[in-house]
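The values are calculated or read from the model by the stated rules, or taken from the named source; none is laboratory data. Because the structure is a prediction, the values reported are computed rather than measured. Cβ atoms come from the backbone with ideal geometry, glycine included; neighbour counts cover every protein chain shown. SASA here: full protein model, heavy atoms, side chains in, ligands and nucleic acids out. Shrake-Rupley method; radii C 1.70, N 1.55, O 1.52, S 1.80 Å.
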Amino acid sequence: MSEHHAEILYTAHAPRLRRQLAGLGVRACDVDDALQDTFVVVTRRLPSFEGRSSIECWLFGICLRVASDWRKKACVRRETMFSVDDEPVHESDVADVIALQQAKRTLRTAVEALDDDKRVIFVGHELEERPMAAVAGALGVNVQTAYARLYAARRRVGRFIAREQQLAAA
């Protein structure tokens, strides 16, 4: 396989991998660089890809390792980035937009608080909607272990969100 194959993979899979990197805790300002690192690894390892798993599962495994590396080297400071939509926001929509942004921040913070094993399962299965067998295969764990981690992650995320809602109501 050649660099041409890597370009085809990039075209087909980059948007999904970008979302996965963000979901796996790579800061928004670093996602594009982490995606580039992912495809450096893909290009280097593509000739040895044997097809024992699906290409999506193989890419997800690479994405997991790259995201882990980026989380380890992330700066201590936190950045808040605001996105500007192309369409103007009407005053009647402002409360909805603010509530949605807050909900996204709360979920992101809850997912970031999970340990790596639970975060990977939660992002892969819940947020990316990948089949549990594919997520478990990418991690090299059996499906029952993956489900146990998913249920634990769901409980922790649920408790975190409930606590945030109580604090907001107080």
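Quick one: in region 12-65, which of the residues that are of a type in the set (Gly, Ala, Ser) and assigned to a helix (DSSP H, G or I) is farthest from the chain's Cα centre (by Cα)? Ranking the qualifying residues of region 12-65, first place goes to SER48. Going through (1) open to solvent by 80 Å² or more (accessible area, probe 1.4 Å); (2) within 16 Å of ARG71 (Cβ to Cβ) one by one, CYS29 falls short only on (1).
Name every residue in region 107-133 that is outside any helix (DSSP H, G or I), free of Cβ contacts under 8 Å to residues at least 12 places away in the same chain and closer than 20 Å to ILE161 by Cα, in order of residue number. Passing the criteria: only ASP115. Entry remark, region 134-146: residues being part of a helix (DSSP H, G or I) and at pLDDT 90 or above number 4 in total. Scanning region 6-26 for residues that are open to solvent by 80 Å² or more (accessible area, probe 1.4 Å) and not polar (S, T, N, Q), which turns out modelled with the lowest pLDDT? Here the residue is GLU7.
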